[in-house]
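These notes are about the structure you will find just below.
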Amino acid sequence: MPRLTARGVAFLLVGLAAGVIAYLSARPELLAIAAVAVAAPLIALVMVATSRPRVRVTRQLEPVVATEAETVRVSVTVSGRARAAEWVERVPMPPGFAGPGRLREVRETRPAAFGYRFAPARRGLVSVGPLLIEDRDPFALAVRVSDTIATTTQLVIPAVTALPPGPVPDPSTDAGPRTTRSRERSDDDVVTREYRDGDALRRVHWRVTARHGELMVRQDEPQAGPHARLIVDTQSPSYLDSVTAPRGRRGAGSADFEWVVRMAASAAVHLAERGYSVDLATSAARSDDEPDVALADGPVGAVLGELALVQLAARVDDLSEGLPSLTRAGSFPVVALSGAPDVETVRWMLSQRAPASPAVALLVGPAAPVTRPDGSIDDDPALDAFARAGWRAARVSARLTPDSAWLALLGVAEPDLPDWALARTESHA
(Lines give C-alpha, C1' and ligand atoms only; values in the text may rest on other atoms or scores of the structure.)
Protein backbone atom coordinates (compact mmCIF):
# COMPACT_ATOMS: atom_id res chain seq x y z
CA MET A 1 0.00 0.00 0.00
CA PRO A 2 1.30 3.50 -0.81
CA ARG A 3 1.92 5.75 2.17
CA LEU A 4 3.20 9.23 2.90
CA THR A 5 6.80 9.74 3.91
CA ALA A 6 7.74 11.98 6.82
CA ARG A 7 8.18 14.79 4.31
CA GLY A 8 4.74 14.14 2.84
CA VAL A 9 3.14 14.19 6.29
CA ALA A 10 4.92 17.48 7.06
CA PHE A 11 3.58 18.99 3.82
CA LEU A 12 0.07 17.87 4.71
CA LEU A 13 0.26 19.34 8.22
CA VAL A 14 1.68 22.62 6.93
CA GLY A 15 -1.15 22.87 4.42
CA LEU A 16 -3.82 22.22 7.04
CA ALA A 17 -2.22 24.72 9.40
CA ALA A 18 -2.04 27.36 6.64
CA GLY A 19 -5.72 26.81 5.87
CA VAL A 20 -6.69 27.30 9.52
CA ILE A 21 -4.54 30.45 9.81
CA ALA A 22 -6.04 31.83 6.59
CA TYR A 23 -9.55 31.34 7.97
CA LEU A 24 -8.84 32.77 11.44
CA SER A 25 -6.80 35.77 10.24
CA ALA A 26 -8.99 36.51 7.21
CA ARG A 27 -5.96 36.30 4.88
CA PRO A 28 -7.18 34.56 1.71
CA GLU A 29 -3.72 34.66 0.11
CA LEU A 30 -2.69 31.86 2.48
CA LEU A 31 -5.35 29.59 0.98
CA ALA A 32 -3.24 29.11 -2.17
CA ILE A 33 -0.28 27.98 -0.06
CA ALA A 34 -2.55 25.64 1.90
CA ALA A 35 -4.01 24.15 -1.28
CA VAL A 36 -0.58 23.45 -2.79
CA ALA A 37 0.80 21.98 0.46
CA VAL A 38 -2.20 19.63 0.80
CA ALA A 39 -2.45 18.70 -2.86
CA ALA A 40 1.25 17.83 -3.32
CA PRO A 41 1.35 14.74 -1.05
CA LEU A 42 -2.07 13.58 -2.31
CA ILE A 43 -0.89 13.77 -5.92
CA ALA A 44 2.28 11.92 -4.91
CA LEU A 45 0.15 9.15 -3.39
CA VAL A 46 -1.79 8.76 -6.60
CA MET A 47 1.43 8.73 -8.63
CA VAL A 48 3.07 5.89 -6.70
CA ALA A 49 -0.22 3.99 -6.49
CA THR A 50 -0.63 3.92 -10.26
CA SER A 51 2.97 3.02 -11.05
CA ARG A 52 3.12 -0.41 -9.44
CA PRO A 53 6.14 -2.35 -10.75
CA ARG A 54 5.46 -5.60 -12.61
CA VAL A 55 8.67 -7.55 -12.53
CA ARG A 56 10.16 -11.03 -12.51
CA VAL A 57 13.15 -11.71 -10.28
CA THR A 58 15.79 -14.39 -10.83
CA ARG A 59 18.86 -15.05 -8.70
CA GLN A 60 22.14 -16.87 -9.10
CA LEU A 61 23.91 -17.90 -5.89
CA GLU A 62 27.60 -18.70 -5.78
CA PRO A 63 28.25 -21.12 -4.21
CA VAL A 64 24.96 -22.98 -4.60
CA VAL A 65 25.61 -24.79 -1.32
CA ALA A 66 27.15 -22.49 1.28
CA THR A 67 28.92 -22.96 4.59
CA GLU A 68 28.15 -21.13 7.82
CA ALA A 69 29.75 -17.66 7.78
CA GLU A 70 31.01 -18.21 4.21
CA THR A 71 30.55 -15.31 1.80
CA VAL A 72 27.82 -15.93 -0.78
CA ARG A 73 27.71 -13.87 -3.98
CA VAL A 74 24.20 -13.13 -5.24
CA SER A 75 23.45 -11.92 -8.76
CA VAL A 76 19.90 -10.61 -9.18
CA THR A 77 18.22 -9.94 -12.52
CA VAL A 78 14.99 -7.93 -12.61
CA SER A 79 12.94 -8.05 -15.82
CA GLY A 80 9.54 -6.64 -16.69
CA ARG A 81 8.53 -3.04 -16.07
CA ALA A 82 9.44 -0.72 -13.20
CA ARG A 83 10.50 2.85 -12.66
CA ALA A 84 13.89 3.67 -11.20
CA ALA A 85 13.64 2.95 -7.49
CA GLU A 86 15.50 1.72 -4.42
CA TRP A 87 15.80 -1.98 -3.60
CA VAL A 88 16.19 -3.96 -0.41
CA GLU A 89 16.46 -7.77 -0.27
CA ARG A 90 15.89 -10.00 2.72
CA VAL A 91 18.85 -12.27 3.55
CA PRO A 92 19.51 -14.79 6.38
CA MET A 93 22.08 -12.73 8.28
CA PRO A 94 21.92 -9.74 10.63
CA PRO A 95 20.39 -7.20 10.22
CA GLY A 96 18.16 -9.30 7.96
CA PHE A 97 18.46 -7.45 4.66
CA ALA A 98 20.93 -6.42 1.96
CA GLY A 99 20.93 -2.91 0.55
CA PRO A 100 19.47 -0.42 0.07
CA GLY A 101 20.67 0.11 -3.46
CA ARG A 102 19.53 1.94 -6.59
CA LEU A 103 17.55 -0.01 -9.19
CA ARG A 104 17.59 1.63 -12.60
CA GLU A 105 14.49 1.76 -14.77
CA VAL A 106 13.39 -1.68 -15.96
CA ARG A 107 11.84 -2.22 -19.38
CA GLU A 108 10.69 -5.34 -21.20
CA THR A 109 13.65 -5.10 -23.54
CA ARG A 110 16.17 -3.94 -20.92
CA PRO A 111 16.28 -5.85 -17.63
CA ALA A 112 18.25 -4.50 -14.68
CA ALA A 113 20.88 -6.43 -12.79
CA PHE A 114 22.74 -5.90 -9.54
CA GLY A 115 24.67 -7.98 -7.05
CA TYR A 116 25.61 -8.14 -3.40
CA ARG A 117 27.23 -10.45 -0.87
CA PHE A 118 26.11 -11.91 2.42
CA ALA A 119 27.33 -14.52 4.91
CA PRO A 120 24.63 -16.90 6.23
CA ALA A 121 24.54 -16.85 10.01
CA ARG A 122 23.15 -20.34 10.56
CA ARG A 123 23.08 -23.76 8.95
CA GLY A 124 20.00 -25.30 7.35
CA LEU A 125 17.73 -24.45 4.45
CA VAL A 126 17.51 -20.66 4.26
CA SER A 127 15.58 -18.31 2.00
CA VAL A 128 17.17 -15.48 0.05
CA GLY A 129 14.60 -12.85 -0.81
CA PRO A 130 12.06 -11.56 -1.47
CA LEU A 131 13.21 -8.40 -3.22
CA LEU A 132 11.48 -5.26 -1.97
CA ILE A 133 11.21 -2.30 -4.37
CA GLU A 134 10.67 1.12 -2.80
CA ASP A 135 9.06 3.38 -5.40
CA ARG A 136 8.96 7.10 -4.53
CA ASP A 137 7.70 10.19 -6.29
CA PRO A 138 10.31 12.77 -7.46
CA PHE A 139 9.86 14.85 -4.30
CA ALA A 140 9.89 11.84 -1.91
CA LEU A 141 6.46 12.75 -0.51
CA ALA A 142 5.02 9.23 -0.87
CA VAL A 143 6.43 5.72 -1.11
CA ARG A 144 5.17 2.32 -2.11
CA VAL A 145 7.03 -0.84 -1.08
CA SER A 146 6.35 -3.68 -3.51
CA ASP A 147 7.10 -7.23 -2.41
CA THR A 148 8.20 -9.34 -5.39
CA ILE A 149 7.42 -12.51 -3.35
CA ALA A 150 9.87 -14.79 -5.19
CA THR A 151 12.56 -16.35 -2.97
CA THR A 152 15.48 -18.69 -3.57
CA THR A 153 16.25 -21.55 -1.19
CA GLN A 154 19.85 -22.29 -0.30
CA LEU A 155 21.42 -25.08 1.73
CA VAL A 156 23.92 -23.94 4.37
CA ILE A 157 26.09 -26.71 5.76
CA PRO A 158 27.95 -26.60 9.10
CA ALA A 159 31.40 -25.04 9.23
CA VAL A 160 34.14 -27.63 8.72
CA THR A 161 37.53 -27.57 10.46
CA ALA A 162 40.43 -29.62 9.13
CA LEU A 163 41.34 -32.29 11.68
CA PRO A 164 44.86 -33.63 12.28
CA PRO A 165 45.59 -37.38 12.22
CA GLY A 166 43.76 -38.68 15.23
CA PRO A 167 42.43 -41.75 16.98
CA VAL A 168 40.75 -43.27 13.90
CA PRO A 169 43.25 -45.23 11.78
CA ASP A 170 43.33 -45.04 8.01
CA PRO A 171 41.56 -47.91 6.21
CA SER A 172 43.61 -50.97 5.30
CA THR A 173 45.42 -50.85 2.00
CA ASP A 174 43.34 -53.74 0.61
CA ALA A 175 40.63 -51.20 -0.09
CA GLY A 176 42.93 -50.18 -2.96
CA PRO A 177 41.22 -48.57 -5.92
CA ARG A 178 37.91 -48.18 -4.04
CA THR A 179 39.49 -45.67 -1.70
CA THR A 180 40.91 -43.68 -4.61
CA ARG A 181 37.59 -43.66 -6.41
CA SER A 182 35.72 -42.53 -3.32
CA ARG A 183 37.98 -39.49 -3.03
CA GLU A 184 37.52 -38.53 -6.66
CA ARG A 185 33.76 -38.85 -6.81
CA SER A 186 32.04 -35.82 -8.35
CA ASP A 187 28.66 -34.60 -9.55
CA ASP A 188 28.94 -36.79 -12.65
CA ASP A 189 29.02 -39.97 -10.53
CA VAL A 190 25.57 -39.28 -9.07
CA VAL A 191 22.61 -40.60 -11.04
CA THR A 192 19.63 -38.23 -11.02
CA ARG A 193 16.24 -38.00 -12.68
CA GLU A 194 13.35 -35.53 -12.81
CA TYR A 195 11.19 -35.20 -9.72
CA ARG A 196 7.92 -37.12 -9.89
CA ASP A 197 4.78 -36.85 -7.78
CA GLY A 198 5.24 -39.08 -4.75
CA ASP A 199 9.03 -38.79 -4.57
CA ALA A 200 10.33 -38.06 -1.07
CA LEU A 201 11.61 -34.50 -0.85
CA ARG A 202 14.63 -35.75 1.08
CA ARG A 203 15.96 -37.21 -2.19
CA VAL A 204 16.17 -33.79 -3.90
CA HIS A 205 19.69 -33.11 -5.21
CA TRP A 206 20.12 -29.34 -4.96
CA ARG A 207 23.31 -28.88 -6.96
CA VAL A 208 21.88 -30.66 -9.99
CA THR A 209 18.52 -28.91 -9.45
CA ALA A 210 20.27 -25.53 -9.59
CA ARG A 211 22.07 -26.54 -12.78
CA HIS A 212 18.98 -27.83 -14.62
CA GLY A 213 16.44 -25.31 -13.30
CA GLU A 214 14.00 -28.04 -12.22
CA LEU A 215 13.73 -30.44 -9.29
CA MET A 216 16.02 -33.46 -9.67
CA VAL A 217 16.20 -36.43 -7.29
CA ARG A 218 19.06 -38.81 -6.53
CA GLN A 219 18.90 -42.49 -7.37
CA ASP A 220 22.52 -43.50 -6.98
CA GLU A 221 23.48 -46.74 -5.29
CA PRO A 222 25.38 -46.86 -2.00
CA GLN A 223 29.14 -46.75 -2.50
CA ALA A 224 31.27 -49.81 -1.77
CA GLY A 225 34.49 -49.61 0.18
CA PRO A 226 35.65 -49.06 3.75
CA HIS A 227 32.99 -47.60 5.98
CA ALA A 228 32.91 -45.53 9.17
CA ARG A 229 29.91 -44.71 11.34
CA LEU A 230 29.22 -41.27 12.78
CA ILE A 231 26.71 -41.15 15.67
CA VAL A 232 25.10 -37.86 16.70
CA ASP A 233 22.84 -37.59 19.73
CA THR A 234 19.96 -35.24 18.83
CA GLN A 235 17.95 -35.52 22.07
CA SER A 236 17.58 -32.19 23.86
CA PRO A 237 17.84 -33.72 27.38
CA SER A 238 21.40 -34.76 26.48
CA TYR A 239 22.44 -31.11 26.31
CA LEU A 240 22.15 -29.33 29.64
CA ASP A 241 22.23 -25.90 27.99
CA SER A 242 19.30 -26.65 25.65
CA VAL A 243 16.52 -24.05 25.65
CA THR A 244 13.02 -24.66 24.36
CA ALA A 245 12.37 -22.71 21.17
CA PRO A 246 9.85 -19.84 21.16
CA ARG A 247 6.40 -20.63 19.83
CA GLY A 248 6.33 -20.77 16.05
CA ARG A 249 9.98 -21.78 15.74
CA ARG A 250 11.22 -25.29 15.17
CA GLY A 251 13.34 -27.25 17.60
CA ALA A 252 15.32 -26.11 20.61
CA GLY A 253 18.49 -24.11 20.95
CA SER A 254 21.81 -25.35 22.37
CA ALA A 255 25.32 -24.01 21.84
CA ASP A 256 26.71 -27.42 22.82
CA PHE A 257 24.55 -29.15 20.20
CA GLU A 258 25.66 -26.72 17.49
CA TRP A 259 29.25 -27.51 18.45
CA VAL A 260 28.48 -31.22 18.10
CA VAL A 261 27.07 -30.63 14.61
CA ARG A 262 30.20 -28.73 13.53
CA MET A 263 32.39 -31.43 15.08
CA ALA A 264 30.41 -34.12 13.25
CA ALA A 265 30.84 -32.31 9.94
CA SER A 266 34.58 -31.96 10.52
CA ALA A 267 34.89 -35.63 11.48
CA ALA A 268 32.88 -36.72 8.42
CA VAL A 269 35.15 -34.78 6.04
CA HIS A 270 38.23 -36.04 7.88
CA LEU A 271 37.13 -39.68 7.53
CA ALA A 272 36.12 -39.23 3.89
CA GLU A 273 39.50 -37.73 3.04
CA ARG A 274 41.07 -40.90 4.37
CA GLY A 275 38.97 -43.08 2.10
CA TYR A 276 36.02 -43.97 4.32
CA SER A 277 32.41 -43.90 3.21
CA VAL A 278 30.62 -42.34 6.18
CA ASP A 279 27.24 -43.46 7.56
CA LEU A 280 25.35 -41.05 9.83
CA ALA A 281 23.18 -42.35 12.66
CA THR A 282 21.12 -39.97 14.79
CA SER A 283 18.95 -40.65 17.81
CA ALA A 284 15.81 -39.38 16.06
CA ALA A 285 14.25 -40.91 12.97
CA ARG A 286 14.02 -38.56 9.98
CA SER A 287 10.79 -37.73 8.21
CA ASP A 288 10.46 -38.65 4.55
CA ASP A 289 9.47 -35.04 3.88
CA GLU A 290 12.81 -33.69 5.09
CA PRO A 291 15.05 -32.84 2.14
CA ASP A 292 18.15 -34.99 1.85
CA VAL A 293 20.40 -32.39 0.30
CA ALA A 294 23.53 -34.03 -1.05
CA LEU A 295 26.52 -31.95 -2.06
CA ALA A 296 27.79 -34.66 -4.43
CA ASP A 297 31.36 -33.50 -3.82
CA GLY A 298 32.21 -36.96 -2.52
CA PRO A 299 30.77 -39.73 -0.37
CA VAL A 300 30.46 -37.32 2.56
CA GLY A 301 28.14 -34.94 0.69
CA ALA A 302 24.92 -36.60 1.83
CA VAL A 303 26.14 -36.60 5.45
CA LEU A 304 26.85 -32.87 5.36
CA GLY A 305 23.40 -32.31 3.89
CA GLU A 306 21.80 -34.23 6.75
CA LEU A 307 23.88 -32.40 9.34
CA ALA A 308 22.76 -29.09 7.87
CA LEU A 309 19.14 -30.01 8.62
CA VAL A 310 19.42 -31.94 11.87
CA GLN A 311 17.55 -30.43 14.82
CA LEU A 312 17.31 -31.05 18.53
CA ALA A 313 14.33 -33.28 19.30
CA ALA A 314 12.56 -34.67 22.32
CA ARG A 315 13.85 -37.73 24.11
CA VAL A 316 13.32 -40.95 22.15
CA ASP A 317 11.72 -43.74 24.21
CA ASP A 318 12.82 -46.58 21.95
CA LEU A 319 16.11 -45.82 20.23
CA SER A 320 16.09 -49.10 18.33
CA GLU A 321 12.83 -48.34 16.51
CA GLY A 322 13.32 -47.01 13.00
CA LEU A 323 16.95 -46.06 13.63
CA PRO A 324 20.16 -47.28 11.97
CA SER A 325 21.38 -50.58 13.36
CA LEU A 326 24.65 -52.47 13.13
CA THR A 327 24.25 -54.18 9.76
CA ARG A 328 27.70 -53.97 8.16
CA ALA A 329 29.97 -56.95 8.45
CA GLY A 330 33.53 -56.66 9.61
CA SER A 331 35.31 -54.02 11.64
CA PHE A 332 34.73 -50.34 10.97
CA PRO A 333 35.43 -47.28 13.12
CA VAL A 334 32.70 -45.52 15.09
CA VAL A 335 32.71 -41.88 16.21
CA ALA A 336 30.01 -40.89 18.74
CA LEU A 337 29.15 -37.30 19.71
CA SER A 338 26.88 -36.18 22.53
CA GLY A 339 26.66 -34.01 25.63
CA ALA A 340 25.38 -35.72 28.77
CA PRO A 341 23.58 -38.81 27.39
CA ASP A 342 21.44 -40.99 29.66
CA VAL A 343 21.96 -44.70 30.23
CA GLU A 344 19.72 -45.82 27.35
CA THR A 345 21.43 -43.48 24.88
CA VAL A 346 24.89 -44.66 25.92
CA ARG A 347 23.76 -48.27 25.57
CA TRP A 348 22.44 -47.55 22.05
CA MET A 349 25.70 -45.86 21.07
CA LEU A 350 27.77 -48.76 22.41
CA SER A 351 25.66 -51.20 20.38
CA GLN A 352 26.74 -49.51 17.15
CA ARG A 353 30.29 -50.77 17.55
CA ALA A 354 31.42 -54.05 16.04
CA PRO A 355 33.76 -56.19 18.18
CA ALA A 356 37.41 -55.07 18.11
CA SER A 357 36.69 -52.05 15.89
CA PRO A 358 38.10 -48.58 16.71
CA ALA A 359 35.61 -46.44 18.62
CA VAL A 360 35.84 -42.90 19.99
CA ALA A 361 33.37 -40.72 21.86
CA LEU A 362 33.45 -36.95 22.31
CA LEU A 363 31.17 -35.49 24.97
CA VAL A 364 30.77 -31.73 25.09
CA GLY A 365 29.71 -29.45 27.90
CA PRO A 366 29.04 -30.24 31.54
CA ALA A 367 28.30 -33.78 32.70
CA ALA A 368 25.20 -34.95 34.55
CA PRO A 369 26.39 -36.52 37.84
CA VAL A 370 24.37 -39.39 39.36
CA THR A 371 24.25 -40.89 42.83
CA ARG A 372 25.31 -44.52 43.08
CA PRO A 373 23.37 -47.00 45.26
CA ASP A 374 26.11 -46.75 47.91
CA GLY A 375 25.57 -42.99 48.15
CA SER A 376 28.75 -41.97 46.33
CA ILE A 377 28.65 -39.54 43.39
CA ASP A 378 29.58 -40.54 39.85
CA ASP A 379 30.69 -37.24 38.34
CA ASP A 380 30.49 -38.37 34.70
CA PRO A 381 28.67 -41.71 34.25
CA ALA A 382 28.53 -41.46 30.45
CA LEU A 383 32.27 -40.91 30.07
CA ASP A 384 33.00 -43.73 32.50
CA ALA A 385 30.69 -46.09 30.59
CA PHE A 386 32.50 -45.44 27.30
CA ALA A 387 35.90 -45.90 28.96
CA ARG A 388 34.85 -49.20 30.57
CA ALA A 389 33.66 -50.45 27.16
CA GLY A 390 37.11 -49.82 25.69
CA TRP A 391 36.23 -46.65 23.79
CA ARG A 392 38.64 -43.75 23.58
CA ALA A 393 36.54 -41.01 25.14
CA ALA A 394 36.96 -37.42 26.30
CA ARG A 395 34.76 -34.63 27.61
CA VAL A 396 35.57 -31.24 26.16
CA SER A 397 34.36 -27.67 26.37
CA ALA A 398 32.42 -26.08 23.52
CA ARG A 399 35.03 -23.32 23.63
CA LEU A 400 37.55 -25.69 22.08
CA THR A 401 37.98 -25.83 18.33
CA PRO A 402 37.16 -29.20 16.69
CA ASP A 403 40.82 -29.88 15.90
CA SER A 404 41.83 -29.34 19.54
CA ALA A 405 39.00 -31.59 20.70
CA TRP A 406 40.14 -34.26 18.24
CA LEU A 407 43.63 -34.11 19.73
CA ALA A 408 42.12 -34.46 23.21
CA LEU A 409 41.06 -37.98 22.20
CA LEU A 410 44.77 -38.79 21.83
CA GLY A 411 45.58 -37.42 25.27
CA VAL A 412 47.62 -34.65 23.68
CA ALA A 413 48.05 -31.75 26.09
CA GLU A 414 47.93 -28.40 24.29
CA PRO A 415 47.98 -24.96 25.90
CA ASP A 416 44.21 -24.58 25.44
CA LEU A 417 43.39 -28.10 26.71
CA PRO A 418 42.80 -28.52 30.46
CA ASP A 419 43.71 -31.86 32.05
CA TRP A 420 40.07 -32.94 32.35
CA ALA A 421 39.67 -32.68 28.56
CA LEU A 422 42.03 -35.57 27.88
CA ALA A 423 40.97 -39.08 26.89
CA ARG A 424 39.87 -41.44 29.65
CA THR A 425 40.47 -44.98 28.41
CA GLU A 426 43.21 -47.54 28.75
CA SER A 427 43.23 -49.01 25.25
CA HIS A 428 40.97 -50.20 22.45
CA ALA A 429 39.18 -53.42 23.14
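The values are calculated or read from the model by the stated rules, or taken from the named source; none is laboratory data. Just so it is clear, the structure is predicted and the values come from calculations on it, not from any experiment. Cβ atoms come from the backbone with ideal geometry, glycine included; neighbour counts cover every protein chain shown. Accessible surface areas use protein heavy atoms only, side chains included; no ligands, DNA or RNA. Shrake-Rupley method; radii C 1.70, N 1.55, O 1.52, S 1.80 Å.
Net charge near V48: determine it from the other residues with C-beta under 10 Å of the C-beta of V48, scoring Lys and Arg +1 and Asp and Glu -1.
+2
With a 1.4 Å probe and every protein chain left in place, tell me how much accessible area Y276 has, in Å² to the nearest 10.
Result for Y276: roughly 10 Å² accessible.
Determine the relative contact order of the stretch 9-128: mean sequence separation of Cα pairs under 8 Å and six or more apart, normalised by residue count, in whole percent.
Normalised by residue count, the contact order of the stretch 9-128 is 21 percent.
Given a 1.4 Å probe and every protein chain left where it sits, what share in percent of the accessible area of the stretch 44-165 is carbon and sulfur?
53 percent
Per residue, how large is the accessible surface of the stretch 87-159? Use a 1.4 angstrom probe and give square angstrom.
48 Å²
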